[in-house]
Amino acid sequence: LLLTRLDAYAVGQLLAVYEHRTAVQGFLWGINSFDQWGVELGKHLAKQVRSQLYASRKSGASVQGFTSSTSALLEAYIRSTKGK
């Protein structure tokens, strides 16, 4: 695939071609190509993080219910924004 120039219009056309290809393939295979379970999972996890941040800021609740890595990141974030 060669483009004579790389500008917003050309990139938009390229994205449209790939999006169309994805939609058509999904239709032919009988699947919804744009059903992004990972996005839905991210929304669910973000709600949990938001609730935890609110509880920790409001009442000083400890971080719980997350992996050790996520808990450490949340605790560091809470410490760094305390008083702001």
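The values are calculated or read from the model by the stated rules, or taken from the named source; none is laboratory data. Please read all numbers here as calculations on a predicted model, not as lab measurements.
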Pick from the stretch 68-84, criterion of a type in the set (S, T, N, Q) and either within 21 Å of the chain's Cα centre (by Cα) or modelled with pLDDT of 90 or more (or both), ranking: farthest from HIS44 (Cα to Cα): SER80
Per-region count, the stretch 33-67, residues within 19 Å of the chain's Cα centre (by Cα) and part of a loop (DSSP other than H, G, I, E, B): 6
